[in-house]
1. Among N228, N223, N203, N195, which is the only one that is surrounded by 15 or more Cβ atoms within 10 Å (Cβ to Cβ), out of contact with any Pro (no Cβ under 6 Å at 6 or more places or on another chain) and either modelled with pLDDT under 50 or within 20 Å of A249 (Cα to Cα) (or both)?
2. From the set of residues in the stretch 73-108 that are of a type in the set (A, V, I, L, M) and farther than 14 Å from V269 by Cβ, which is surrounded by the fewest Cβ atoms within 10 Å (Cβ to Cβ)?
3. For residues in the stretch 264-302 being more than 17 Å from E129 (Cα to Cα), among the basic types (K, R) and touching a strand residue (DSSP E or B) at 6+ places or on another chain (Cβ under 8 Å), which is modelled with the highest pLDDT?
4. Given the conditions (1) outside any loop (DSSP other than H, G, I, E, B); (2) modelled with pLDDT of 60 or more; (3) farther than 18 Å from T175 by Cβ, which single one is not true for V216?
5. I need the full set of residues from the stretch 83-103 which are touching a residue at least 60 places away in the same chain (Cβ under 8 Å) and hydrophobic (A, V, I, L, M, F, W, C), in order please.
Amino acid sequence: MCLMFACTPGAVVVHENTYQPPPRPAQSAPPPVYTAPPAEAQPQPEATYQVFYDELTPYGRWIDYPGYGYVWSPNADPDFQPYSTNGHWVYSDEGWTWVSTYSWGWAPFHYGRWFYEDGYGWLWLPGKEWAPAWVTWGQSGTYLGWAPLAPKVEVSVRYTPPPHEWTFVPQEHITKVNVHDYVVNKTTNVTIVKNVTIINNINNNNSTTVINNRNVTNNTTNNTNITNNNVHKNVVYNRGPQINVVEKATNSHVQVVNIDEHKKPAATVVNNNKVTFYRPVIKEKVQVQKKPAPRSAETYKPRPSNRPANN
């Protein structure tokens with residue numbers, strides 16, 4: 001017996017397919033690909049004033065000075081003058097830069113301030129900010145001059161250093177490596193200072209004013225002093241005469257050098273259009289076991305004047 005449609009010629013038998021394949025095993029996610037973070041510039045070394053106390057001790061003595069704390073007196077000749085003895089000027093991307101031939105010159109000519117003390121001579125007070133040179137610049141006729149900025153004195157057109165603190169040279173010799181050989185004598189220096197025009201942070205704003213009976217080239221600028229590691233910022237200092245003025249006076253091209261950095265205390269080096277300094281970032285507040293101080297220091301005692309004649 002045939003069921004309906006089952007044996008009918010030409011009939012199509014349809015069977016419902018109920019088969020379901022077994023589920024595939026879950027595939028684990030591919031392992032993450034590690035990408036190293038981009039390399040960062042190595043930060044400049046950080047230090048406290050202890051680096052000054054330790055590194056300069058072999059080259060002078062520390063004095064506990066009233067109102068200032070520890071100041072440093074270099075073991076130098078009696079006629080030593082900061083930014084005059086054993087050094088010369090180069091023009092860097094940060095302005096006129098003092099290059100000292102003293103092995104300790106990386107510190108006292110780029111941090112802190114100098115002042116003259118009767119009986120002691122020139123003394124240096126440490127500071128935390130780096131600059132190409134902490135000086136006041138001036139021009140008097142055909143002479144260019146500079147003088148160390150005293151402690152607590154801001155870069156200002158209202159400050160004129162006393163005559164004995166200035167160094168003047170004929171402007172055509174300002175770039176000489178042996179610039180000290182061209183320094184005018186002290187008697188002539190006093191005469192030149194009477195007519196000095198203060199050059200203050202040269203930039204493109206050239207205006208001339210008269211303050212305290214002194215001609216003043218008022219070109220103040222807040223210069224951003226940035227190293228490769230962006231650690232010396234927003235330092236106000238005097239960049240010195242404009243480069244085109246010096247080129248005209250010297251009748252020669254002034255090479256602009258780049259500033260590079262030693263990682264450890266070392267003498268300043270000029271080579272291949274590059275000047276290399278050790279210039280750590282000085283932190284006043286750093287977690288240390290004890291307060292920075294020299295290993296030994298003298299107590300300040302007033303002394304008779306040893307100021308050079310005619311000053």
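1. N223
2. A76
3. Among residues in the stretch 264-302 that are more than 17 Å from E129 (Cα to Cα), among the basic types (K, R) and touching a strand residue (DSSP E or B) at 6+ places or on another chain (Cβ under 8 Å), the one modelled with the highest pLDDT is K274.
4. Among (1) outside any loop (DSSP other than H, G, I, E, B); (2) modelled with pLDDT of 60 or more; (3) farther than 18 Å from T175 by Cβ, the lone unmet condition for V216 is (2).
5. W89, V90, W96, V99
The values are calculated or read from the model by the stated rules, or taken from the named source; none is laboratory data. The model shown is predicted, which means the values in this text are computed figures rather than measured ones. All Cβ positions, glycine included, derive from the backbone under ideal geometry; neighbour counts span all protein chains shown.
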